[in-house]
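Peer 1: Have a look at this one.
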Amino acid sequence: MQESDVHTQVAPSDASTGANGVAGNGGDPLFESVEQPIDPSSGTMIVFERVTKIYEPNVSALNDVSFAIDKGEFVFVVGASGSGKSTMIRLLLKELEPTSGRVVVGGRDLTRLKRSRVPLLRRNVGCVFQDFKLLPNRTAGGNIAYALKVQGESKASIRRNVPEVLSLVGLSDKTGSLPEELSGGEQQRVSIARAVVNHPPLLICDEPTGNLDPDTSVGIMQLLYRINRAGTTILMVTHDREMVDKMRKRVIALEDGRLARDERRGGYTSE
Amino acid sequence: MRIKLLFSESFRSLAANVSTTVAATMTVLIGMFLLGLFIALGSWAQDFGETQKEKLLVKVYFCTEDTCAKAATPAQINAVRQQLASSRLVDEVTFVSKAEALDRMRRQTPQLVENLSSNPLPDAFEVKARDGADVKLVSASLRQPTKPPGVEEIKDGDEVSDQVVNVARVLTLAFLVATIVLLVSSALLIANTIRLSIFSRRREIEVMKLVGATNWFVRGPFMLEGLICGVVGSVIAIVMLLLAKEAALPAITNRLSTSSDIQAWPFVYVSAIILVVGITVGAVGSGLTIRRFLNV
C-alpha cells in the first residue's frame, strides 16, 4: 500500500483545521472518514466486562468499566491524567490483574491466563509507547530482529521480515542506525515496526505521538492508519485533541476511572 | 532457547557493558584470590597443628616379618595395650593398623607410596600422654625393664609444650572463621555488583518482557554472563595465587627454615574450590538477582 493512498482520500469534514506539512495537499484532511473496507464480521478483539481495578489501599483506578472492541476497529481512548487510561493498557498486557471483572483479548480471558502464557499474549499484542522503549545498544534492525528472536524465529525469517517491515515504515535506509542516531519520529517508526513485525492482530499505542511535534505526529498517524487498514485492530490512548477530532473514529472517554463516553465517530470532547 | 543464540546474546551484552563486566570480574577476582589465600594459609596452619600434635605422641611400632623374625601376635599387641591403659601417665591409646598407616601416608606424601607393591608399614600404637611434658616418662616406662615382646621400636615424642598445639588449633579455627566470613562477604559483594549491573539494565529487561520474551529467555544470557565473569575472575585469581606461590613462598620458607613436611592443601584442590565457588556465585547470583526485575 502506498502512502499516497491516505493523502488522496477526500473527506468532507474538518478541512479547516488543516494539516500542515502534508506535501502538496493543502487543506485536505489526512484520513478518510468512510468505514474501513476490511470485514467487520470477524468478531470481537477486546472485551472489558465490568472491570474494576483498585490499587492498594483503596485508590480506584477503574470503576465498573465495560466495552467491547471489534476486530479491525480503530479506537481512541481519551481522558485526563489519572483517569485510568494507563491502567487499562496494563490490564490488556496482563501487567496487572483486575480487582473484579473480566478482560478478554482475542477471545482469551486474561484473568484466567496462566503467568507462563503471558509472553505468548504479548507476542500477539503489539505495543507502542510514548517513550519508544527501544533497546539503546541495538540498531533499528537489531531492535526489530530481537522481537523475532524472542519468538524463536529462524535467521532466514528474520532476514526476510526486518527489511520488509522497515520499508513499510519508510526507514529502509536506517537499518544500521542506533536509536540515539534517529530522530524522535524515526524512533517511533522503528518501535511501530517492531510492534507489527510479527503481524499481531492487536496494536496498543500509549500516546505514540506524545513526544513528537505535530508534523511528525501526522506521519505516525498515517502509518498507524495504514496498519489498521491492513486489518490490525488499534487501540490508541492519546491526548492529541486535533488528531482525534480529525480522524472521527470511535472514541472511548474515561473520567475518574469511569466510562464517560463511547461514541462511534466521536471527537475529543463531546459536542 | 538455542545455545548459539544464548551465547551470542551473552557476548554482545558483555561487550556492550564493558565497565560493569570488568567491575563484576574484578570483584570475583579479589574475592577468589583472598579465598584461595585463606584456604592455603588455613590448611597450612591446620597441618602445622597436626604435626605438632604428632610430636607429642609416643609411637609403639610392632614387629612385621620384615623387621623382626616374625610378626607380632594379637596377644602381644593386647598385652602392650593393657600395660599402657593402666598407666596413670597415659591419656589415650590409638591403634593404627598397617592399612591405616598406608592410607595416611598416601594422603600426606603420595609420591612415596606410588611404587609400593606391598605394605611395609607395621601396626602401631599412638600413645597420648596426659601432659605434654610426660612424653619421655611414658616411653621410658614402656622400655623398662625391656621392650615388651613383639615390639620392634618405641619412638619418643619431642617435648613440645601443649601450648604450641593450642596456638595451632586457635590459628586453624581463626582461619576457618575468616574463610567463612570471606566466603559470605565476597558472595554478597559479587551479588551486589551483579545487582547494580542488572539494575542499570532494568529498562532493557522491561522492553524484553514487553516484546514477549519468556523469563528464561531474559535470564539465560544474564546467567551466562555471570558465569563467564565468574570463570574469568577465578582463573585470573588462580594464576595470581600460583605466581604468589612460586615467587613468594620459597623466599618466606627459606627464612623460616621450617620443616617441609608441613603442607598446605594441594594447589589443585584450592584451585578447584575457587573455580567452583566463583562460577556458582556468578551464575546463581545473577539468576537470583534478576528475579526481582522479571515481574514486569
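No value in this document is a laboratory result; all are computed from the given coordinates. Worth saying up front: this structure is predicted, and the values here are computed from it rather than measured. Every residue, glycine among them, receives a Cβ derived from its backbone with ideal geometry; neighbour counts consider all protein chains shown.
Peer 1: Read through the list (1) touching a residue at least 24 places away in the same chain (Cβ under 8 Å); (2) under 15 Å from the mean Cα position of the chain (by Cα); (3) within 14 Å of chain B (Cβ to nearest Cβ), then give the number of the only condition that A:R90 fails.
Peer 2: Of (1) touching a residue at least 24 places away in the same chain (Cβ under 8 Å); (2) under 15 Å from the mean Cα position of the chain (by Cα); (3) within 14 Å of chain B (Cβ to nearest Cβ), only one is false for A:R90: (1).
Peer 1: For the stretch B:98-113, check the following and say yes or no: at least one residue is surrounded by 16 or more Cβ atoms within 10 Å (Cβ to Cβ) and over 33 Å from the mean Cα position of the chain (by Cα).
Peer 2: The answer is no; no qualifying residue exists.
Peer 1: Further question on the same structure: If I ask for residues that are in contact with a helix residue (DSSP H, G or I) (Cβ under 6 Å, 6 or more places away or on another chain) and within 12 Å of chain B (Cβ to nearest Cβ), which ones from the stretch A:94-103 would you list?
Peer 2: Answer for the stretch A:94-103, where residues must be in contact with a helix residue (DSSP H, G or I) (Cβ under 6 Å, 6 or more places away or on another chain) and within 12 Å of chain B (Cβ to nearest Cβ): A:K94, A:L96.
Peer 1: Quick check on my filter: what residues within the stretch B:55-85 are more than 30 Å from B:N166 (Cβ to Cβ), assigned to a helix (DSSP H, G or I) and not small (G, A, S)?
Peer 2: Restricting attention to the stretch B:55-85, the residues satisfying the condition of being more than 30 Å from B:N166 (Cβ to Cβ) are B:62-79, B:82.
Subset that is assigned to a helix (DSSP H, G or I): B:74-79, B:82.
If the condition is that a residue be more than 30 Å from B:N166 (Cβ to Cβ), assigned to a helix (DSSP H, G or I) and not small (G, A, S), then B:P74, B:Q76, B:I77, B:N78, B:Q82 are the ones that fit.
Peer 1: Moving on to the next point. Given the options A:N211, A:N198, name the one that is away from chain B (no Cβ under 14 Å), surrounded by fewer than 21 Cβ atoms within 10 Å (Cβ to Cβ), in contact (Cβ under 8 Å) with a residue 12 or more places away in the chain and closer than 25 Å to A:M88 by Cα. Before the answer, list the steps.
Peer 2: Working: A:N198 fails: away from chain B (no Cβ under 14 Å).
Selected residue: A:N211, the only one of A:N211, A:N198 that is away from chain B (no Cβ under 14 Å), surrounded by fewer than 21 Cβ atoms within 10 Å (Cβ to Cβ), in contact (Cβ under 8 Å) with a residue 12 or more places away in the chain and closer than 25 Å to A:M88 by Cα.
Peer 1: Could you run through the stretch A:104-160 and say how many residues are more than 25 Å from A:T209 (Cα to Cα), β-branched (V, I, T) and more than 8 Å from every other protein chain (Cβ to nearest Cβ)?
Peer 2: Residues meeting the conditions: 4.
Peer 1: Restricting attention to the stretch B:205-224, report how many residues are within 14 Å of chain A (Cβ to nearest Cβ) and part of a helix (DSSP H, G or I).
Peer 2: Total satisfying the criteria: 13.
Peer 1: Cβ-Cβ below 9 Å, separation at least six or inter-chain, first residue in the stretch A:231-244 and basic (K, R), second buried (at least 21 other Cβ atoms within 10 Å of the Cβ): which pairs?
Peer 2: A:R241/A:V78
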